[in-house]
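**Q** I'd like to ask some things about the structure below.
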Amino acid sequence: MNAHEIDYTIYGEEMQYVEVELDPGEAVVAEAGTFMMMDSGIKMETIFGDGSEKNKGFLGSLLGAGKRILTGESLFMTAFYHAETMNKKRISFASPYPGKIIPIDLTAYRGKFICQKDAFLCAAKGVSVGIEFSKKLGRGLFGGEGFIMQKLEGDGMAFVHAGGTMARKELRAGEQLKVDTGCIIGFTQDVDYDVEFVGGIKNTIFGGEGLFFATLTGPGIVYVQSLPFSRLAGRVLASLPRGGKDKGEGSILGGLGDLLDGDNRF
């Protein structure tokens, strides 16, 4: 194996964290801000890119870091090394918002898994975290994720996180699944991904579900989340009182109350 072979345990229900067990010489790489706790004897190092063999050397590291900019991520990742010569060490990484952590064994998916650009949590050192360009214009213009999604490649364990409840769908050859673009966590490399217009004047103007949804065609495995972070953030922002005035969640007048008290700014 090129990637380090790690053991892990996932704890919790709604706000999960994953505990990774490192043998001497093993390491794990993670996104900035996901670290939770670790045993003494583990050393932390900030690295360009993902530190995989695929991005080896200065130019390779620079290229790997540049790819991460395209996905909206930081130039740097953090590597955690077991720096001692004996005993196992444990380190934990937490999900950034309520949901589930999904372990991805890349060897079971022929060495590649495609996911949302903000879904990656951590992985065994040696796993390559790159970008997946869409070859179809529709995905890039309307897919919500742009032309670019993340791809995880290698032969080790990787971990992605989902918002809310996770659904795992196994699609047969030719079988289709239509999903809100933001609700996709990831899928295996054989799944064909495209974006489709909802259609209809009433659906477009009054539907409230967006103008496009993703069409995923098997064979392959698709992971779907019930509460993408963008949807959660939108609901929170929509519930914030305007102008700093809170008339109560159960207000009968609602927006009319703003007009009656003179707050008519829109």
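The values are calculated or read from the model by the stated rules, or taken from the named source; none is laboratory data. Given the structure is predicted, the values throughout are model-derived calculations rather than measurements. Protein only, heavy atoms only, side chains kept; ligands, DNA and RNA dropped before computing areas. Shrake-Rupley method; radii C 1.70, N 1.55, O 1.52, S 1.80 Å.
**Q** Heads up, I need the accessible area for D105: 1.4 angstrom probe, whole protein in place, Å², nearest 10.
**A** 60 Å²
**Q** Just the accessible area for F35, please: 1.4 Å probe, Å², rounded to the nearest 10?
**A** The value for F35 is about 90 Å².
**Q** Keeping all protein chains in the complex and leaving out DNA, RNA and ligands, what accessible area do you get for D180 with a 1.4 Å probe, in Å² to the nearest 10?
**A** Rounded to the nearest 10, the figure is 50 Å².
**Q** Pairs K43/K100; K89/K178; K88/K169: which exceed 32 Å Cα-Cα?
**A** Numbers: K43/K100 27 Å; K89/K178 43 Å; K88/K169 36 Å.
As for pairs spanning more than 32 Å Cα to Cα, those are K89/K178; K88/K169.
**Q** While we're on this one: For A173 and L240 in one chain, what is 0.36 nm times their gap in residues minus the Cα-Cα distance, to one decimal in nm? All intermediate terms of the calculation are to be shown ahead of the outcome.
**A** On the way: separation 67, 0.36 × 67 = 24.12 nm, distance 4.55 nm.
Fully extending the segment from A173 to L240 adds 19.6 nm.
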